[in-house]
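Written out below as structure tokens is the structure these notes cover.
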């Protein structure tokens, strides 16, 4: 079975790229691919460094790339294509060459932003890969500002409230179609290893509860400042709307810092506020 290497970052959920993968590796239209897929798919996502925050956490940078891989693999799985993923070097050429050495692909698909906004194309990425590998390279362009994504994504920001039923109920109410996905960001409380481990435990707990509820999620630990963590995620991912889950006002440092309103103003996206201990319908506030 031939192997297709897919190299993408911001455009990984774009419909043009998903269509190209389905065309080469399975069925391009309709439900799950019948029989054996035509090719094995390997997804390589070079790491991106967010712009917000004075301190960038390497683990969060890695997690952001893994989130893209997890969401894309889940979507392809629904179409009968089992893909593997690899988080790559921040330099897309180095990431591609590492993946070529590791997986020995038969062809490569590189997905970029349009030429006017693509740093990858400004570095002649396509030509360099073709020259170095001698493999067929298909270039897919996706304008993330205007072209449709293959699935809608809600950003979920929570920490101590990840175990509450109110958050899961709010997410279930949003999952109105099979293509909906959730990216969970759990800001860590401090910069030490214990804080990161605690945040990762809460993330794992929420993802497991979401899985049981039939929700498709990916997630990452974020910057200790919840506003910075949220803005980093909005920069990295194509987000439809935001859910912020907090403790009640009398116990919430996030609310004392006016997090919900600051995110509304900065993002210009619908923001739903879910309060632990209150019914989700009563706590929701749409921007």
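Criterion applied to 158, 175 was being closer than 25 Å to residue 218 by Cα, at pLDDT 95 or above and surrounded by 13 or more Cβ atoms within 10 Å (Cβ to Cβ), and the one residue passing it is 158. Against the numbered list (1) surrounded by 17 or more Cβ atoms within 10 Å (Cβ to Cβ); (2) modelled with pLDDT of 90 or more; (3) in contact with a strand residue (DSSP E or B) (Cβ under 9 Å, 6 or more places away or on another chain), residue 98 comes up short only at (1). Condition check: touching a helix residue (DSSP H, G or I) at 6+ places or on another chain (Cβ under 8 Å), buried (at least 18 other Cβ atoms within 10 Å of the Cβ), in contact (Cβ under 8 Å) with a residue 24 or more places away in the chain and closer than 19 Å to residue 254 by Cα. Does residue 167 satisfy that? For residue 167, the condition - touching a helix residue (DSSP H, G or I) at 6+ places or on another chain (Cβ under 8 Å), buried (at least 18 other Cβ atoms within 10 Å of the Cβ), in contact (Cβ under 8 Å) with a residue 24 or more places away in the chain and closer than 19 Å to residue 254 by Cα - is met.
Exactly one residue out of 239, 244 is assigned to a loop (DSSP other than H, G, I, E, B) and within 12 Å of residue 184 (Cα to Cα): that is 239. Does any residue of region 73-86 turn out to be free of Cβ contacts under 8 Å to residues at least 24 places away in the same chain, part of a helix (DSSP H, G or I) and either on the phi < 0 side of the Ramachandran plot or surrounded by fewer than 13 Cβ atoms within 10 Å (Cβ to Cβ) (or both)? For region 73-86, residues free of Cβ contacts under 8 Å to residues at least 24 places away in the same chain, part of a helix (DSSP H, G or I) and either on the phi < 0 side of the Ramachandran plot or surrounded by fewer than 13 Cβ atoms within 10 Å (Cβ to Cβ) (or both): present.
Looking across region 203-224, the residues that are closer than 16 Å to residue 155 by Cβ and part of a helix (DSSP H, G or I) come down to 203, 206, 207, 210. Being within 26 Å of residue 234 (Cα to Cα), modelled with pLDDT under 95, touching a strand residue (DSSP E or B) at 6+ places or on another chain (Cβ under 9 Å) and not in a loop (DSSP other than H, G, I, E, B): is that true of residue 69 here? So residue 69 passes the test.
The values are calculated or read from the model by the stated rules, or taken from the named source; none is laboratory data. Here the structure is a predicted model, which is why all the values come from computation and not from measurement. Methodologically, a virtual Cβ is constructed for each residue, glycine included, from the backbone with ideal geometry; neighbour enumeration extends over all protein chains shown.
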